[in-house]
1. Residues that are at pLDDT 90 or above, in a loop (DSSP other than H, G, I, E, B) and among the β-branched types (Val, Ile, Thr): does the range 251-263 have at least one?
2. Counting only residues that are under 23 Å from LEU306 (Cα atoms), at pLDDT 85 or above and either not β-branched (Val, Ile, Thr) or not in a loop (DSSP other than H, G, I, E, B) (or both), how many does the range 124-161 have?
3. If you take just the strands (runs of 3 or more DSSP E) that sit entirely in the range 1-108, which of them hold at least 1 residues that are under 30 Å from PRO264 (Cβ atoms)?
4. So ILE333 clears everything in (1) surrounded by 10 or more Cβ atoms within 10 Å (Cβ to Cβ); (2) not in a helix (DSSP H, G or I) except one condition, right? Which one?
5. Quick one: would you say PRO188 is touching an Asp or Glu at 6+ places or on another chain (Cβ under 8 Å), touching a residue at least 40 places away in the same chain (Cβ under 8 Å) and either closer than 26 Å to LYS229 by Cβ or of a type in the set (A, V, I, L, M) (or both)?
6. Just to be sure before I move on: is ILE245 under 17 Å from ARG312 (Cβ atoms), in the same structural domain as LEU197 (by TED's automatic domain parsing) and in contact (Cβ under 8 Å) with a residue 24 or more places away in the chain in the structure I sent?
7. Might you check whether a residue that is under 30 Å from VAL77 (Cα atoms), in contact with a Leu (Cβ under 6 Å, 6 or more places away or on another chain) and outside any loop (DSSP other than H, G, I, E, B) occurs anywhere in the range 179-199?
8. Within the set of pairs 6+ apart or on separate chains, which have a first residue in the range 13-40 that is under 25 Å from ASN363 (Cβ atoms), a second that is charged (D, E, K, R) and modelled with pLDDT under 85, and C-beta atoms under 7 Å apart?
Amino acid sequence: MKNQITNALSDFFFEYETPRQVLVRNRRVGVVCRLIQLGVLAYIIGWVFIYEKGYQSTDTAVSSVFTKMKGVGYTNVSGSERVWDVADYVFPPQGDSSFVVMTNYIITEGQKMGKCPELKGKHNCNSDSDCEGGSFKRQMTGVCVEGTKTCEVLAWCPVEDDHNIPDPPLLMSAENYTLFIKNSVTFPLFGVTRSNLVEGIDADYISKCLHDPKKAPLCPIFRLGDIVKLSGFSFETIARVGGAIGIVVDWTCNLDVDVKHCKPQYNFHGLYGNPAETDKARASVGYNFRYAKHYMEDRIQKRTLLKVFGIRFDIIVQSLARKFDIIPTLTAIGSGVGIFGVATVVCDLVLLYLLPKREFYKNMKFKYTDTHTQQDSESLGLDTSVYYTLDANARQAQGTDQSNDPDSEAGSTETEVSKK
């Protein structure tokens, strides 16, 4: 028992097992194998390393965005002239990455809290019984006003009339407003910080430049009309009822080269809908909200209500930095080497199941042992390898032909005997 345990441990620690290989000379199988290996090699080099940059590690940026609008608008509604500056037409005024620029509006001045008739066409009535409280969105007083045949409401009076949207938009001058974007990004993994005010973008350049995708792609000052045009829409159409536009600042950087080549790209996407689609086909058109300015007059609280139609701008920072790293490189190479095993699997399937001589190849690839053979060797007190050597020599002496017995061990037996 002790010797058996010692032999087992010795075999485990001091022996090396290697798989048996069979060299098959077959043109079709050889061509299939090389084509598969060539395809795997093309995948590893072309897709993994060149396209997917599998030899690099990646990181996304921590970003901050600051915006600033410039421009003055002018309106003349029913002889009432007014100038609109940034404080009037930008909501909210803090310079966030998401803001609205007013392009059209409906104004209702001098509203005060009280009782007044609803607009004609809304909440029509013939008697007070038609104006029961809680029947409509506004707070009803239960009175039907004879002059208008509408219900009396408790609200800010006079009530807003937003049926007719000004056309053309009142603030078409917004097309010439300018937007300044200041963006900073940091890639924590690589310790790299960049700003969209890259090398060459100084105060003198900014005071003169205007963004153009071809002539001035790095200029951070944008004309609103150009932004809308680049997003695929008509400014007049989107300015009338409002809309939404996404400005994407794309930082895709290869940090294996000089960091000065890490520069932003600006893209514009209309979030208003499909430019080819007519407004009548849309379920909800435009973008609007209400804004009130409260004041006191003769100790009575009043307000000026504006229904604002505008363009909502969402500035989205998109980032991806890459740099060489030995760990993903080795991982990509290891996975690629593993995929080379596909060629062996496919060729084995062809050899063992598709070719006419599949039984011959199967006998060459696999060795079979019978239980009675092992018992015979043990009864003679011989080692198994010696028994197989003697058995093979006996079969060879009897005229066994290797071409008729694909599993013949004559060649290997001769090598084994010569070594001994």
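1. Yes: the range 251-263 contains one or more residues that are at pLDDT 90 or above, in a loop (DSSP other than H, G, I, E, B) and among the β-branched types (Val, Ile, Thr).
2. Residues flagged as under 23 Å from LEU306 (Cα atoms), at pLDDT 85 or above and either not β-branched (Val, Ile, Thr) or not in a loop (DSSP other than H, G, I, E, B) (or both) within the range 124-161 amount to 9.
3. Answer list for the range 1-108: 56-59, 62-70, 73-77.
4. All conditions pass for ILE333, except number (2).
5. When the stated conditions are applied, PRO188 does not pass them.
6. Yes.
7. no
8. Short answer, once both residue conditions are applied: VAL22/LYS365.
The values are calculated or read from the model by the stated rules, or taken from the named source; none is laboratory data. All of these numbers come straight from a predicted model, not from anything done at the bench. Note that we place each Cβ from the backbone using ideal geometry, even for glycine, and neighbour counts take in every protein chain shown.
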